[in-house]
1. Fewest to most neighbouring Cβ within 10 Å: what's the order for 111, 44?
2. Taking a virtual spin label 7 Å from the Cα of residue 366 along the C-beta vector, which residues in segment 303-331 bring their backbone nitrogen under 17 Å of it?
3. Arrange the following residues from fewest to most other Cβ atoms within 10 Å of their Cβ: 364, 136.
4. For P(r) over Cα pairs in 20 Å bins from 0, in percent, which listed value, (i) 26, 57, 14, 3, 1; (ii) 25, 57, 17, 0; (iii) 29, 58, 13, 0, comes from the coordinates shown?
5. So for each of 73-79, 118-124 I average, over its residues, the number of other beta carbons within 10 Å; can you give me the resulting order with the highest mean first?
6. For helix 81-90, what angle does its Cα long axis make with the longest principal axis of the chain, in degrees from 0 to 90 and rounded to 10?
7. For 148, 80, which order do you get if you count the other beta carbons within 10 Å of each Cβ and list the fewest first?
8. Between the alpha-carbon centers of segment 26-71 and segment 331-373, tell me the distance in whole angstrom.
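What follows draws every value from the coordinates through simple rules; no lab data is involved. In this text, all values refer to a predicted model and were calculated from it rather than measured experimentally. Glycine gets a Cβ as well: all are built from the backbone with ideal geometry, and neighbour counts include every protein chain shown.
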Amino acid sequence: MENTEFGISLVCLKRSSDESFETLSRVQIHRIRAGTSKIKLAFWDILMSTFFIHLYFYFAAKKIIKKKDIKILHVHDLPLMGTALLLKRKYKHLRVVFDMHENYPEALPLWFGWKKGLITQLKNRLFMTTNRWLPWEKKAVAGADAILTVVDEMKSTLERKYGPLPKAVVVSNTESISFLNTPVDASVYSSFPDKFIITYTGGIGPHRGIDTVVDAMALISNPEIIFVVVGSGSKDAMTELQQRINKLQLQDRIFLLGHRPASTVLSYMTGASANIIPHKKNAQNDNGVPHKLFQNMLAGRPLLVSSSAPLQRIVHETKSGLVFEAENPRELAEAIMQLYHSPSLASELAQNGRTAASSGKYAWETSAKTLRSVYDHLSKRGE
């Protein structure tokens with residue numbers, strides 16, 4: 001951050017088609033060639049899990065801090081916190097914000113434990129484990145000047161592990177009302193006329209709970225109700241999902257559309273009859289929520305969410321959807337049928353969601369004020 005105007009410099013990985021430097025919405029983006037191939041990413045996984053540092057990010061950030069007199073270093077998630085703390089030791093005026101999008105140590109088995117391939121499995125079992133990363137989390141929590149969590153549940157989890165943390169603040173990953181300014185293409189579902197469409201948008205993997213939706217669809221005989229998946233995952237994840245669909249003979253009622261441009265996300269959400277987040281219940285999902293929850297709410301369609309703690313709490317609080325027990329296809333099928341047979345309920349839930357995400361605690365404009373107050377506080381400490 002530059003002075004009190006909060007000029008922003010972003011350091012991130014460079015993919016082959018990216019510019020090394022550009023400015024977007026007043027953010028100066030510096031992309032570094034650290035490698036994005038599977039082999040190079042695995043190398044950095046091993047290095048960071050062992051030494052808690054990413055050398056490419058260290059030298060890139062060091063150069064920018066010195067050139068622009070950076071005051072605050074905002075770090076997204078655990079792996080780069082070791083690099084940030086090393087920079088903080090060198091630049092005494094630097095303040096570090098640890099932004100915990102995930103319950104990272106607990107998420108590792110969910111992200112990596114199911115992946116195939118002998119070398120991949122060996123690397124993940126040795127270096128990408130909860131026990132290996134918990135000490136790094138402890139060091140990061142102790143060294144950060146401020147800690148951000150996206151939900152109250154994660155803050156409570158940290159305080160159970162490390163004691164009271166007055167420097168921890170909840171800044172939820174909400175969405176701006178400007179999301180609704182995105183042009184909407186009403187034709188995205190033109191292949192499914194007169195259908196009751198349950199839509200999932202996002203990444204695909206075993207921890208996402210999409211298998212629960214597939215199993216629920218097998219319990220529903222009504223051909224008007226279909227399930228559409230907008231997003232992609234690894235080759236193994238997609239193959240397993242398609243095999244499950246084929247086994248249950250649901251090819252004519254479940255449709256995998258694959259990756260779609262971000263600019264079309266709102267079109268798929270608003271065109272759905274209901275949007276679903278079927279997360280499995282675990283230590284990761286019980287301590288975070290996906291950004292798409294708030295996009296779904298703004299889209300003005302009823303929600304179907306699993307009973308992972310923050311999803312359940314927010315949807316019940318805002319009365320924006322129905323909650324089903326995680327990994328319970330029968331309960332999900334009943335919730336789907338309830339929405340199908342109750343248009344007035346679906347409309348009420350949809351309106352509640354949009355209202356809740358448009359202003360108040362679940363609007364980004366509110367979250368941004370909280371984040372700004374964190375920056376203001378840290379800036380004064382650095383004077």
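1. On the way: 111 16, 44 19.
Ranking 111, 44 by Cβ neighbours within 10 Å, fewest first, gives 111, 44.
2. 310-321
3. Ordered by Cβ neighbours within 10 Å, fewest first: 136, 364.
4. Recomputing P(r) over Cα pairs in 20 Å bins from 0, in percent here picks out (ii).
5. 73-79, 118-124
6. On a 0 to 90 degree scale, this one is about 20.
7. On the way: 148 26, 80 21.
Least to most surrounded, the residues fall as 80, 148.
8. Each part's Cα centre sits 37 Å from the other's.
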